[in-house]
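All of the numbers you see were taken from the coordinates with simple rules; none came from a lab. Computed from a prediction, not measured in an experiment: that's the story for all the values here. Glycine gets a Cβ as well: all are built from the backbone with ideal geometry, and neighbour counts include every protein chain shown.
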Amino acid sequence: MRQDDSESVSLLTGAAGGLGRVVAAALARRGSHVVAVVRDQRTGDALQHDIPGLEVLTADLSERNAVHAVADQFLGRHSALHLLVNNAGAHFGRRSVNADGVEMHVAVNHLAGFLLTERLRPALVAGAPSRVVNVVSAAMNDTRQIKIGRRPRPVTLDPAQLDDLRSVNPAQGYRPFTAYARSKLLTLMAGYRLAEQLDGTGVTVNAVHPGLAGTGVVDDMTPAVMKPLSGLIKRSLLTPEQAAQAILRVATDPGLDGVTGRYFDRDTEASTTPVSHDRVLRQRIIELCG
């Protein structure tokens, strides 16, 4: 049964995480029909209990087939989409690949959102004015986990690596945080290109770094030497409620109507690394991930 086309519809991935729960609840309070994508049914049931009226879709977004299944289910129920928030993300301490042979940071943090956006493009155009919000990370601009020294260390992107999505930083060995940052850079660059492609359709595409919040992802990426201080570290970070406000602003602020192809560091529009503006690389990312 299809949803009433007159109702605003939002789809949010990573809806069961610390930020996702806050964003889902806020969108529902604003009157949007929220479709939440979560990893398992039990988590979805708990989320529905906390947010009445929520529609839940379950999927392991690290798998390409699961992403397509989510898109199929959504399109079977809804003809238009007004907001897509690609929020799902993860950090993996050991290198692994999914069933398709894609490195897991790339699969979860980039490819899932990219494929979902592509599949839902007709619904986004039908729902225009509509927005795509990609949740990324300032780690793209500085991959130092412990900020020693003054010079940032932005993530690099070797064009040769783009021919094999299983390959992450092979010359230097596997560095989990760098792999995480690179997957977010891929999302940013694909978003820049998609914003150009959708220009004139009424669909905007923007990226936001919500700030470093005390969530499970932070637990996963804390260096072993600092694990004993993890509780103290998390208390010094933003709360999920605070960080989620940046996502909600890019998703709903009327002042951003028509604004597209931008990156926001919390509430401020910011610049990104020179490689992110390489138009040839942007196009190559789109071609390889399609």
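Things to note:
- Separation of the stretch 39-69 from the stretch 99-119 is 17 Å, based on Cα centroids.
- Amide H contacts for residue 136 (H built 1.01 Å from N in the peptide plane; partners 5 or more residues away or on another chain; cut-off under 5 Å): 208, 209.
- Overall Cα dimensions of the stretch 235-290, principal axis frame, Å, largest first: 39, 31, 23
- Under 5 Å, built H, 5+ apart or other chain: amide partners of residue 203: 130
- Diffusion coefficient, µm² s⁻¹, Stokes-Einstein with Kirkwood Rh over alpha-carbon pairs of the stretch 1-148 at 20 °C and 1.002 mPa s: 135
- Approximating the spin labels as points 7 Å out from Cα along Cα→Cβ, the residue 100-to-residue 41 distance works out to 2.6 nm.
- Under Karplus coefficients 6.51, -1.76 and 1.60, residue-wise ³J(HN,Hα) of the stretch 10-23 in Hz, glycine/proline x: 10, 10, 10, 8, x, 6, 8, x, x, 6, x, 4, 5, 5
- Derived scalar couplings ³J(HN,Hα) [the stretch 129-135; Karplus, 6.51 cos²θ - 1.76 cosθ + 1.60; whole Hz; x for Gly, Pro]: x, 9, 9, 10, 10, 9, 8
- Long-range HN-HN contacts of residue 33 with modeled amide H, under 5 Å: 8, 9, 10
- Anisotropy class of the stretch 67-107 from Cα gyration tensor, a/c 1.5 cut: oblate
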